[in-house]
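Data block below; observations after.
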Amino acid sequence: MVGSIPLPHGGKLINRFVTSDKKTDGMFTISVSSDLRNDIENIADGVFSPLEGFVGEQDFQSIVRTGRLTDGLAWTVPIVLDVDEDTALKMKDAGQIALATGSDRFAILQVEETFSFDKLACAKAIYGTDDINHPGVGKMANMKNRLAGGKIQVIRRIEQSPLRKYRMSPAETRAEISRKGWKSVVGFQTRNVPHVAHEMLQKAALNLYDGLFVNPLIGKKKQGDFKDEVILATYVALIDNYYPKDRAMFVTLHTEMRYAGPKEAIHHAIMRKNFGCSHFIVGRDHAGVGTYYHPFAAHTIFKDYTDLEIEPVFFPSFYYCKKCLSYANERNCPHGPDLREELSGTKMRNMVGSGEIPAEHLMRPEVAKIIISFKEPFV
(Lines give C-alpha, C1' and ligand atoms only; values in the text may rest on other atoms or scores of the structure.)
Protein backbone atom coordinates (compact mmCIF):
# COMPACT_ATOMS: atom_id res chain seq x y z
CA MET A 1 0.00 0.00 0.00
CA VAL A 2 1.07 3.57 -0.61
CA GLY A 3 0.73 6.89 1.14
CA SER A 4 0.20 8.27 4.62
CA ILE A 5 -2.54 10.42 6.12
CA PRO A 6 -1.63 14.12 5.63
CA LEU A 7 -1.99 16.84 8.21
CA PRO A 8 -4.96 19.18 7.68
CA HIS A 9 -4.41 21.96 5.15
CA GLY A 10 -2.27 24.62 6.81
CA GLY A 11 -1.10 22.20 9.51
CA LYS A 12 -4.01 22.21 11.98
CA LEU A 13 -7.70 21.44 11.98
CA ILE A 14 -9.76 24.57 12.58
CA ASN A 15 -12.53 24.51 15.18
CA ARG A 16 -14.71 27.63 15.40
CA PHE A 17 -17.47 26.22 17.60
CA VAL A 18 -17.99 27.84 20.98
CA THR A 19 -19.33 25.80 23.86
CA SER A 20 -20.04 28.73 26.15
CA ASP A 21 -23.54 30.18 26.04
CA LYS A 22 -22.68 33.17 23.87
CA LYS A 23 -25.37 35.82 23.96
CA THR A 24 -26.55 37.43 20.75
CA ASP A 25 -29.35 39.46 22.34
CA GLY A 26 -29.37 43.00 21.00
CA MET A 27 -26.73 42.30 18.35
CA PHE A 28 -27.13 43.64 14.85
CA THR A 29 -28.25 40.57 12.91
CA ILE A 30 -28.14 39.62 9.24
CA SER A 31 -29.90 36.68 7.63
CA VAL A 32 -28.00 34.15 5.57
CA SER A 33 -29.29 31.39 3.31
CA SER A 34 -29.33 27.75 4.38
CA ASP A 35 -26.69 27.11 1.69
CA LEU A 36 -24.34 29.67 3.24
CA ARG A 37 -25.08 28.32 6.72
CA ASN A 38 -23.76 24.95 5.51
CA ASP A 39 -20.48 26.62 4.54
CA ILE A 40 -20.30 28.52 7.84
CA GLU A 41 -20.57 25.17 9.61
CA ASN A 42 -17.90 23.81 7.25
CA ILE A 43 -15.58 26.63 8.37
CA ALA A 44 -16.32 25.89 12.03
CA ASP A 45 -15.75 22.14 11.59
CA GLY A 46 -12.46 22.54 9.73
CA VAL A 47 -13.71 21.28 6.36
CA PHE A 48 -12.31 24.56 4.97
CA SER A 49 -9.14 24.59 7.12
CA PRO A 50 -7.21 26.88 7.39
CA LEU A 51 -10.06 29.40 6.97
CA GLU A 52 -11.45 30.70 10.28
CA GLY A 53 -14.12 32.87 8.72
CA PHE A 54 -14.99 34.78 5.57
CA VAL A 55 -11.87 35.86 3.66
CA GLY A 56 -10.74 39.49 3.85
CA GLU A 57 -9.80 41.68 0.91
CA GLN A 58 -6.11 40.76 0.71
CA ASP A 59 -6.80 37.02 0.78
CA PHE A 60 -9.74 37.44 -1.59
CA GLN A 61 -7.65 39.27 -4.19
CA SER A 62 -4.80 36.79 -3.75
CA ILE A 63 -7.14 33.83 -4.32
CA VAL A 64 -8.58 35.47 -7.42
CA ARG A 65 -5.17 36.43 -8.87
CA THR A 66 -2.99 33.48 -7.84
CA GLY A 67 -5.20 30.64 -6.54
CA ARG A 68 -3.44 30.98 -3.18
CA LEU A 69 -3.87 32.79 0.14
CA THR A 70 -1.54 35.70 0.91
CA ASP A 71 0.75 33.33 2.84
CA GLY A 72 1.15 31.21 -0.33
CA LEU A 73 -1.04 28.32 0.81
CA ALA A 74 -3.13 26.81 -2.00
CA TRP A 75 -6.76 28.04 -2.00
CA THR A 76 -8.78 28.48 -5.18
CA VAL A 77 -12.41 29.23 -4.23
CA PRO A 78 -13.07 32.24 -1.95
CA ILE A 79 -15.62 31.69 0.82
CA VAL A 80 -17.40 35.02 1.14
CA LEU A 81 -20.33 36.88 2.67
CA ASP A 82 -21.90 39.48 0.37
CA VAL A 83 -23.93 42.38 1.74
CA ASP A 84 -25.38 45.64 0.44
CA GLU A 85 -23.81 49.05 1.08
CA ASP A 86 -26.16 50.01 3.92
CA THR A 87 -25.68 46.67 5.73
CA ALA A 88 -21.90 46.94 5.30
CA LEU A 89 -21.88 50.31 7.12
CA LYS A 90 -24.02 48.97 9.96
CA MET A 91 -21.83 45.88 10.30
CA LYS A 92 -18.66 47.98 10.53
CA ASP A 93 -20.24 50.18 13.20
CA ALA A 94 -21.42 47.14 15.18
CA GLY A 95 -18.08 45.30 15.04
CA GLN A 96 -19.65 42.03 16.17
CA ILE A 97 -22.84 40.82 14.52
CA ALA A 98 -25.10 37.79 14.68
CA LEU A 99 -25.76 35.51 11.70
CA ALA A 100 -29.20 33.96 11.45
CA THR A 101 -31.36 31.66 9.38
CA GLY A 102 -34.96 32.53 10.09
CA SER A 103 -35.17 33.37 13.81
CA ASP A 104 -32.20 31.18 14.74
CA ARG A 105 -29.17 33.31 15.54
CA PHE A 106 -26.60 30.55 15.25
CA ALA A 107 -23.24 32.32 14.87
CA ILE A 108 -21.26 35.49 15.55
CA LEU A 109 -19.10 37.28 12.98
CA GLN A 110 -16.27 39.54 14.08
CA VAL A 111 -16.41 42.10 11.28
CA GLU A 112 -12.82 42.97 10.38
CA GLU A 113 -13.48 44.74 7.08
CA THR A 114 -15.90 45.24 4.22
CA PHE A 115 -14.76 45.81 0.66
CA SER A 116 -15.97 46.11 -2.91
CA PHE A 117 -15.01 43.79 -5.77
CA ASP A 118 -15.24 43.64 -9.55
CA LYS A 119 -17.79 40.85 -10.00
CA LEU A 120 -17.18 39.89 -13.62
CA ALA A 121 -13.39 40.22 -13.43
CA CYS A 122 -13.34 38.00 -10.33
CA ALA A 123 -15.73 35.54 -11.96
CA LYS A 124 -13.50 35.33 -15.02
CA ALA A 125 -10.46 34.58 -12.86
CA ILE A 126 -12.23 31.87 -10.84
CA TYR A 127 -14.44 30.30 -13.50
CA GLY A 128 -12.34 30.98 -16.59
CA THR A 129 -15.25 32.83 -18.23
CA ASP A 130 -17.45 35.89 -17.72
CA ASP A 131 -20.35 34.31 -19.58
CA ILE A 132 -23.41 35.08 -17.47
CA ASN A 133 -24.96 31.74 -18.51
CA HIS A 134 -22.31 29.87 -16.52
CA PRO A 135 -24.04 29.06 -13.17
CA GLY A 136 -21.09 30.27 -11.07
CA VAL A 137 -20.69 33.50 -13.05
CA GLY A 138 -24.42 34.11 -12.92
CA LYS A 139 -24.42 33.70 -9.15
CA MET A 140 -21.45 36.04 -8.67
CA ALA A 141 -22.98 38.67 -10.97
CA ASN A 142 -26.09 38.67 -8.77
CA MET A 143 -24.18 39.06 -5.52
CA LYS A 144 -24.51 42.22 -3.46
CA ASN A 145 -21.85 44.91 -3.92
CA ARG A 146 -19.77 44.50 -0.74
CA LEU A 147 -18.00 41.55 0.87
CA ALA A 148 -17.48 41.24 4.63
CA GLY A 149 -14.39 39.56 6.04
CA GLY A 150 -13.83 38.27 9.56
CA LYS A 151 -13.65 35.27 11.87
CA ILE A 152 -16.78 33.40 12.85
CA GLN A 153 -17.88 31.61 15.99
CA VAL A 154 -20.69 29.08 15.68
CA ILE A 155 -23.01 28.68 18.65
CA ARG A 156 -25.46 26.13 17.27
CA ARG A 157 -25.18 23.37 14.69
CA ILE A 158 -27.69 22.79 11.92
CA GLU A 159 -30.39 20.41 13.15
CA GLN A 160 -30.10 16.78 12.17
CA SER A 161 -32.20 15.57 9.23
CA PRO A 162 -32.32 12.47 7.01
CA LEU A 163 -30.03 14.24 4.50
CA ARG A 164 -27.45 14.89 7.23
CA LYS A 165 -27.43 11.36 8.67
CA TYR A 166 -24.06 10.57 7.08
CA ARG A 167 -22.40 13.96 7.67
CA MET A 168 -19.19 13.78 9.73
CA SER A 169 -16.68 16.43 10.71
CA PRO A 170 -13.00 16.10 9.71
CA ALA A 171 -12.14 15.38 13.36
CA GLU A 172 -14.61 12.45 13.28
CA THR A 173 -13.46 11.08 9.91
CA ARG A 174 -9.81 11.28 10.93
CA ALA A 175 -10.59 9.42 14.16
CA GLU A 176 -12.43 6.72 12.19
CA ILE A 177 -9.59 6.38 9.66
CA SER A 178 -7.16 6.00 12.56
CA ARG A 179 -9.43 3.41 14.22
CA LYS A 180 -9.51 1.40 10.99
CA GLY A 181 -5.73 1.55 10.76
CA TRP A 182 -5.74 2.87 7.19
CA LYS A 183 -2.44 4.37 6.05
CA SER A 184 -3.80 5.44 2.65
CA VAL A 185 -7.29 6.68 1.80
CA VAL A 186 -8.59 7.65 -1.63
CA GLY A 187 -11.42 10.18 -1.81
CA PHE A 188 -14.17 10.12 -4.42
CA GLN A 189 -16.26 13.22 -5.15
CA THR A 190 -19.61 12.86 -6.87
CA ARG A 191 -22.75 14.85 -7.61
CA ASN A 192 -24.46 11.97 -9.43
CA VAL A 193 -26.12 8.64 -8.75
CA PRO A 194 -23.71 5.70 -9.16
CA HIS A 195 -23.42 3.69 -12.37
CA VAL A 196 -21.50 0.41 -12.46
CA ALA A 197 -18.73 2.31 -14.28
CA HIS A 198 -18.30 4.51 -11.17
CA GLU A 199 -18.28 1.42 -8.99
CA MET A 200 -15.57 -0.22 -11.11
CA LEU A 201 -13.44 2.93 -10.93
CA GLN A 202 -13.80 3.08 -7.14
CA LYS A 203 -12.97 -0.61 -6.78
CA ALA A 204 -9.94 -0.21 -9.04
CA ALA A 205 -8.76 2.44 -6.55
CA LEU A 206 -9.42 0.03 -3.67
CA ASN A 207 -6.87 -2.32 -5.21
CA LEU A 208 -4.24 0.35 -4.58
CA TYR A 209 -5.22 1.99 -1.27
CA ASP A 210 -6.30 0.84 2.20
CA GLY A 211 -9.62 2.67 2.23
CA LEU A 212 -12.17 4.31 -0.04
CA PHE A 213 -13.81 7.56 1.11
CA VAL A 214 -17.02 8.04 -0.89
CA ASN A 215 -18.03 11.67 -0.38
CA PRO A 216 -21.05 12.84 -2.42
CA LEU A 217 -21.81 16.52 -2.48
CA ILE A 218 -25.15 17.42 -0.90
CA GLY A 219 -26.21 20.97 -1.64
CA LYS A 220 -27.40 23.40 -4.27
CA LYS A 221 -26.97 22.14 -7.83
CA LYS A 222 -28.02 23.19 -11.30
CA GLN A 223 -31.25 22.20 -13.01
CA GLY A 224 -31.04 18.68 -14.45
CA ASP A 225 -28.74 17.30 -11.74
CA PHE A 226 -30.06 14.53 -9.49
CA LYS A 227 -31.72 15.60 -6.24
CA ASP A 228 -29.77 15.07 -3.03
CA GLU A 229 -32.29 12.55 -1.69
CA VAL A 230 -31.79 10.36 -4.77
CA ILE A 231 -27.98 10.55 -4.63
CA LEU A 232 -27.99 9.65 -0.93
CA ALA A 233 -30.41 6.73 -1.19
CA THR A 234 -28.73 5.19 -4.24
CA TYR A 235 -25.22 5.35 -2.75
CA VAL A 236 -26.39 3.85 0.55
CA ALA A 237 -27.94 0.94 -1.40
CA LEU A 238 -24.79 0.46 -3.51
CA ILE A 239 -22.38 0.46 -0.56
CA ASP A 240 -24.61 -1.77 1.58
CA ASN A 241 -24.86 -4.36 -1.17
CA TYR A 242 -21.56 -4.26 -3.06
CA TYR A 243 -18.72 -2.86 -0.92
CA PRO A 244 -16.61 -4.52 1.81
CA LYS A 245 -17.66 -2.85 5.06
CA ASP A 246 -14.13 -2.58 6.43
CA ARG A 247 -12.71 -0.91 3.31
CA ALA A 248 -15.20 1.88 2.53
CA MET A 249 -16.45 4.98 4.33
CA PHE A 250 -19.56 6.85 3.21
CA VAL A 251 -19.71 10.47 4.34
CA THR A 252 -21.73 13.34 2.87
CA LEU A 253 -20.26 16.78 2.15
CA HIS A 254 -22.73 19.64 2.54
CA THR A 255 -21.77 22.53 0.29
CA GLU A 256 -22.74 23.98 -3.09
CA MET A 257 -21.47 22.85 -6.46
CA ARG A 258 -19.74 25.89 -7.93
CA TYR A 259 -18.99 24.40 -11.38
CA ALA A 260 -15.55 26.03 -11.34
CA GLY A 261 -13.90 23.15 -13.18
CA PRO A 262 -10.13 22.97 -12.49
CA LYS A 263 -10.20 25.54 -9.66
CA GLU A 264 -12.94 23.55 -7.97
CA ALA A 265 -10.98 20.31 -8.43
CA ILE A 266 -8.23 21.82 -6.24
CA HIS A 267 -10.87 22.99 -3.74
CA HIS A 268 -12.37 19.49 -3.65
CA ALA A 269 -8.93 17.95 -3.07
CA ILE A 270 -8.22 20.33 -0.16
CA MET A 271 -11.50 19.44 1.55
CA ARG A 272 -10.76 15.70 1.22
CA LYS A 273 -7.26 16.28 2.60
CA ASN A 274 -8.91 17.88 5.65
CA PHE A 275 -11.14 14.82 6.03
CA GLY A 276 -8.01 12.66 6.12
CA CYS A 277 -7.60 11.42 2.53
CA SER A 278 -4.10 10.84 1.21
CA HIS A 279 -5.29 10.56 -2.42
CA PHE A 280 -8.14 12.02 -4.44
CA ILE A 281 -9.72 10.77 -7.66
CA VAL A 282 -10.02 13.55 -10.22
CA GLY A 283 -12.47 12.73 -12.99
CA ARG A 284 -12.74 13.79 -16.58
CA ASP A 285 -14.23 17.31 -16.71
CA HIS A 286 -14.22 17.36 -12.91
CA ALA A 287 -16.69 19.95 -11.54
CA GLY A 288 -17.31 21.10 -15.10
CA VAL A 289 -20.48 22.32 -16.76
CA GLY A 290 -21.36 22.52 -20.45
CA THR A 291 -18.29 22.98 -22.63
CA TYR A 292 -16.59 25.69 -20.55
CA TYR A 293 -13.55 23.58 -19.65
CA HIS A 294 -11.22 21.24 -21.50
CA PRO A 295 -12.05 17.66 -20.40
CA PHE A 296 -8.62 17.31 -18.75
CA ALA A 297 -8.15 20.87 -17.46
CA ALA A 298 -8.85 19.58 -13.93
CA HIS A 299 -5.92 17.16 -14.36
CA THR A 300 -3.33 19.60 -15.66
CA ILE A 301 -3.99 22.23 -12.95
CA PHE A 302 -2.47 19.90 -10.35
CA LYS A 303 0.93 20.54 -11.96
CA ASP A 304 0.69 24.04 -10.43
CA TYR A 305 -0.13 22.64 -6.98
CA THR A 306 2.60 20.09 -6.24
CA ASP A 307 2.60 21.33 -2.61
CA LEU A 308 -0.98 20.17 -1.87
CA GLU A 309 0.08 17.11 0.18
CA ILE A 310 -2.78 15.08 -1.24
CA GLU A 311 -2.04 13.07 -4.37
CA PRO A 312 -4.41 13.36 -7.35
CA VAL A 313 -5.35 10.06 -8.98
CA PHE A 314 -6.25 10.20 -12.67
CA PHE A 315 -8.21 7.21 -13.87
CA PRO A 316 -9.39 6.96 -17.47
CA SER A 317 -13.16 6.62 -17.90
CA PHE A 318 -14.53 3.12 -17.50
CA TYR A 319 -17.06 1.65 -19.94
CA TYR A 320 -18.59 -1.72 -20.66
CA CYS A 321 -16.99 -3.37 -23.70
CA LYS A 322 -19.36 -5.68 -25.58
CA LYS A 323 -16.39 -7.51 -27.11
CA CYS A 324 -14.36 -7.96 -23.91
CA LEU A 325 -17.62 -8.71 -22.00
CA SER A 326 -16.31 -6.69 -19.07
CA TYR A 327 -15.63 -3.18 -17.82
CA ALA A 328 -12.54 -1.69 -19.39
CA ASN A 329 -10.85 1.59 -20.28
CA GLU A 330 -8.69 2.89 -23.10
CA ARG A 331 -5.53 1.65 -21.39
CA ASN A 332 -6.51 -2.02 -21.42
CA CYS A 333 -9.13 -2.39 -24.17
CA PRO A 334 -8.35 -2.15 -27.91
CA HIS A 335 -11.96 -1.86 -29.12
CA GLY A 336 -13.55 1.25 -30.59
CA PRO A 337 -16.54 3.37 -29.51
CA ASP A 338 -19.00 1.20 -31.44
CA LEU A 339 -18.41 -1.62 -28.93
CA ARG A 340 -18.59 0.57 -25.82
CA GLU A 341 -21.63 1.01 -23.62
CA GLU A 342 -21.70 4.08 -21.38
CA LEU A 343 -24.53 5.56 -19.35
CA SER A 344 -24.37 9.31 -20.00
CA GLY A 345 -26.37 11.82 -17.99
CA THR A 346 -28.60 12.56 -20.99
CA LYS A 347 -29.23 8.86 -21.63
CA MET A 348 -29.98 8.37 -17.95
CA ARG A 349 -32.50 11.24 -17.86
CA ASN A 350 -34.25 9.90 -20.97
CA MET A 351 -34.49 6.42 -19.45
CA VAL A 352 -35.84 7.72 -16.16
CA GLY A 353 -38.33 9.93 -18.00
CA SER A 354 -39.74 6.91 -19.80
CA GLY A 355 -39.68 4.67 -16.71
CA GLU A 356 -37.05 2.41 -18.27
CA ILE A 357 -34.61 0.58 -16.00
CA PRO A 358 -31.01 0.40 -17.32
CA ALA A 359 -29.49 -3.02 -17.96
CA GLU A 360 -27.93 -4.61 -14.87
CA HIS A 361 -24.43 -4.46 -16.31
CA LEU A 362 -24.79 -0.66 -16.54
CA MET A 363 -26.57 0.05 -13.25
CA ARG A 364 -27.14 -2.12 -10.21
CA PRO A 365 -30.84 -3.07 -9.92
CA GLU A 366 -31.02 -1.77 -6.34
CA VAL A 367 -29.87 1.65 -7.57
CA ALA A 368 -32.15 1.72 -10.62
CA LYS A 369 -35.24 0.82 -8.56
CA ILE A 370 -34.58 3.67 -6.14
CA ILE A 371 -34.26 6.21 -8.97
CA ILE A 372 -37.47 4.99 -10.62
CA SER A 373 -39.30 5.18 -7.27
CA PHE A 374 -38.86 8.99 -7.20
CA LYS A 375 -41.58 10.85 -9.09
CA GLU A 376 -39.20 13.79 -9.74
CA PRO A 377 -35.58 12.61 -9.30
CA PHE A 378 -34.02 15.72 -10.90
CA VAL A 379 -33.47 19.28 -9.64
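Assorted remarks:
- Selection from region 350-379 of residues that are assigned to a helix (DSSP H, G or I) and either under 23 Å from the mean Cα position of the chain (by Cα) or among the aliphatic types (A, V, I, L, M) (or both): Met351, Val352, Val367, Ala368, Ile370, Ile371, Ile372
- If the condition is being of a type in the set (A, V, I, L, M, F, W, C), buried (at least 19 other Cβ atoms within 10 Å of the Cβ) and more than 21 Å from Met351 (Cβ to Cβ), then region 206-239 contributes Leu212, Phe213, Val214, Leu217, Ile218, Ile239.
- Checklist (1) closer than 17 Å to Glu309 by Cα; (2) open to solvent by less than 40 Å² (accessible area, probe 1.4 Å); (3) polar (S, T, N, Q); (4) more than 16 Å from the chain's Cα centre (by Cα) applied to Ser62, failing item: (1)
- Scan of region 349-379 for residues that are in contact with a His (Cβ under 9 Å, 6 or more places away or on another chain) and without any contact (Cβ under 8 Å) to a residue 12 or more places away in the chain, ordered by number: none
- Checking each residue in region 69-79 for being within 26 Å of Thr173 (Cα to Cα) and open to solvent by 10 Å² or more (accessible area, probe 1.4 Å) picks out Leu69, Leu73, Pro78.
- Entry remark, region 274-305: residues being open to solvent by less than 10 Å² (accessible area, probe 1.4 Å), more than 29 Å from Ala44 (Cβ to Cβ) and in contact with a Phe, Trp or Tyr (Cβ under 6 Å, 6 or more places away or on another chain) number 0 in total.
- Considering the conditions (1) more than 27 Å from Ile218 (Cβ to Cβ); (2) in a helix (DSSP H, G or I); (3) in contact (Cβ under 8 Å) with a residue 12 or more places away in the chain, Asp86 is excluded by exactly one of them, (3).
- Of the residues making up region 1-33, just one is open to solvent by 80 Å² or more (accessible area, probe 1.4 Å), farther than 30 Å from Asp307 by Cα and at pLDDT 95 or above, namely Ser31.
- Any hit, region 122-144, residues being open to solvent by less than 10 Å² (accessible area, probe 1.4 Å), assigned to a loop (DSSP other than H, G, I, E, B) and not acidic (Asp, Glu): yes
- Output for region 172-187, where each listed residue is crowded, with 22+ Cβ neighbours inside 10 Å and either in a strand (DSSP E or B) or without any contact (Cβ under 8 Å) to a residue 24 or more places away in the chain (or both): Val185, Val186, Gly187
The values are calculated or read from the model by the stated rules, or taken from the named source; none is laboratory data. None of these values were measured; they are calculated from a predicted model. No Cβ is skipped: glycine too gets one built from the backbone with ideal geometry, and neighbour counts run over all protein chains shown. Accessible surface is based on the protein model in full, side chains and every heavy atom, while ligands, DNA and RNA are left aside. Shrake-Rupley method; radii C 1.70, N 1.55, O 1.52, S 1.80 Å.
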